[in-house]
Amino acid sequence: MKNIQDALHGYIELSHEEVEVLDSSEMQRLRRIKQLGLSSLVYTSATHTRFQHSLGVMHLAGKFSKSLGLDENKKKELRIAGLLHDSGHGPFSHASEVVAEKHGISHEDLSCKVVDKLEDRYSADSDRVKKIIKGELEIGNIVAGDIDSDRMDYLMRDAHASGLKHGQIDYETIIRLAEIDSRRLVFDRKAVQALESLFTARFHMMKTLYQHHTSLIAEKMLERSLENFLEEGNEIDALMRMDDYTAHSQLKQSKGVASDLYEKINDRKLYKRAIVWGPEDISREGLKSVAERIKDPRKLEKEIAEEASIPAYEVIVDTPSIPDTEKLDVKIKSGQTVRPLSQFSPIPDALESARGRNVALRVYAPEKKLERVTNCAEDVLRDYSQVLSKYM
């Protein structure tokens, strides 16, 4: 056994097998990947890593296992899945994940490859570990579900590191009042208030941290930098195996647009908002229509740039990403009856109605060219305005 001191959970105990996995180069790489990508440009202390988060998820998965009275094999599976669930993340976290998804690659798939590569270091069933990571087993809800170890750890850890007070979650009550009913994870009715704390924390963290406009602009600039880096002939698989430091070096040494955009991020010379079409301007249906009509943001960027007589990379279009409307699948057990959380609390429905309020079509450009880009973008987007007039 080995103990590691964690700022959030105190001492985290690891078995010999878990230490073997943790000491692999694949897991050590996560020490060099920031959990929140470029959020430290806004919240300067938010520099914690995927490595720390992975330890936290393993720890909470173990607590779930103990509280639920699971056998030793299932406990091993859940803890290893928690430890390895983010092992496939690329550099700069979210930005490289978005780029990889455009190439048909998910970080879950890459994590599963790590599970296979390291299977000689642990005794858990690797096939079940992979299914847990992908959320394909009922027991996998403990690691990948609406109320899971992953979400609880990152909300608390991100709030702690950034200095925000929104990540106050009564996770011990949530874990203590969890149980397995008909092979599914449910929560005793006494856990409702603690569950509400988790959902409200997530809502406030989304507004203040995850969707902060400066972070969004920096992330979009980094996405474009990485896309141009790949267009220079670099491979997506190689990129996703890098850490932040290696990617930093590669981007600085690259030529053209990739390097130029990345240098601007390093010097915090970020683009500004030229246009923002949000829910206060256009209805949800209108934003969805915009998202469907703009098939290729890069093409629209080129059209606006040509109208403004500037290089295409000096215009970035961030298209609306409309969240789905599926209800949260959280079940509450009252007596012998299992019902949705929404029947015990108004919070889930209230949060569902609030989702997407920060969704918008945004156009970014360098500050010195902002007025020109704004005017030209309005001209290029005029046909969208006409089509969407009924929504505005």
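The values are calculated or read from the model by the stated rules, or taken from the named source; none is laboratory data. Quick caveat: nothing in here was measured; it's all calculated off a predicted structure. Methodologically, a virtual Cβ is constructed for each residue, glycine included, from the backbone with ideal geometry; neighbour enumeration extends over all protein chains shown. With ligands, DNA and RNA removed, areas are computed over all heavy atoms of the protein, side chains included. Shrake-Rupley method; radii C 1.70, N 1.55, O 1.52, S 1.80 Å.
For the range 1-48, residues that are over 14 Å from His85 (Cα atoms) and either among the β-branched types (Val, Ile, Thr) or free of Cβ contacts under 8 Å to residues at least 12 places away in the same chain (or both) total 14.
Would you call Ser321 at pLDDT below 95, closer than 29 Å to Ser87 by Cα and surrounded by fewer than 19 Cβ atoms within 10 Å (Cβ to Cβ)? Yes: the conditions hold for Ser321. For the range 71-105, residues that are of a type in the set (S, T, N, Q) and out of contact with any Gly (no Cβ under 6 Å at 6 or more places or on another chain) total 2. Look at (1) assigned to a helix (DSSP H, G or I); (2) at pLDDT 85 or above; (3) open to solvent by 40 Å² or more (accessible area, probe 1.4 Å) and you find that Arg339 fails only one, number (1).
Looking across the range 83-110, the residues that are in contact with a helix residue (DSSP H, G or I) (Cβ under 7 Å, 6 or more places away or on another chain), outside any loop (DSSP other than H, G, I, E, B) and open to solvent by 10 Å² or more (accessible area, probe 1.4 Å) come down to His94, Glu97, Val98, His107, Glu108, Leu110. Residues in the range 191-215 that are surrounded by 21 or more Cβ atoms within 10 Å (Cβ to Cβ) and within 27 Å of Lys269 (Cβ to Cβ): Leu209, Ser215.
When Lys131, Lys113 are screened for being within 21 Å of Gln28 (Cβ to Cβ) and either in contact with a Phe, Trp or Tyr (Cβ under 8 Å, 6 or more places away or on another chain) or open to solvent by 70 Å² or more (accessible area, probe 1.4 Å) (or both), only Lys113 passes. Under the condition of being touching a Leu at 6+ places or on another chain (Cβ under 8 Å), part of a helix (DSSP H, G or I) and open to solvent by less than 20 Å² (accessible area, probe 1.4 Å), the residues counted in the range 140-155 number 5. Considering the range 227-276, the qualifying helices (runs of 4 or more DSSP H), each wholly inside and each with 1 or more residues that are over 21 Å from Arg32 (Cα atoms) and touching a residue at least 24 places away in the same chain (Cβ under 8 Å), run over 257-266. Restricting the range 18-53 to residues that are open to solvent by 50 Å² or more (accessible area, probe 1.4 Å) and not in a loop (DSSP other than H, G, I, E, B), which is nearest to Asp244 (Cα to Cα)? Selected residue: Arg32. Which one is most open to solvent (accessible area, probe 1.4 Å) among residues in the range 61-73 that are within 14 Å of Ile139 (Cβ to Cβ) and either polar (S, T, N, Q) or touching a helix residue (DSSP H, G or I) at 6+ places or on another chain (Cβ under 6 Å) (or both)? The extreme case among them is Asn73. If you go through the range 5-17 and keep only what is open to solvent by less than 30 Å² (accessible area, probe 1.4 Å) and assigned to a loop (DSSP other than H, G, I, E, B), you end up with just His9.
In the range 123-130 there is at least one residue that is among the small types (Gly, Ala, Ser) and assigned to a helix (DSSP H, G or I).
Quick check: is even one residue across the range 277-299 in contact with a Lys or Arg (Cβ under 6 Å, 6 or more places away or on another chain) and either surrounded by fewer than 17 Cβ atoms within 10 Å (Cβ to Cβ) or assigned to a helix (DSSP H, G or I) (or both)?
The initial filter retains those residues of the range 277-299 that are in contact with a Lys or Arg (Cβ under 6 Å, 6 or more places away or on another chain), namely 279.
When the remaining residues are screened for being either surrounded by fewer than 17 Cβ atoms within 10 Å (Cβ to Cβ) or assigned to a helix (DSSP H, G or I) (or both), the result is 279.
Yes, the conditions are met somewhere in the range 277-299.
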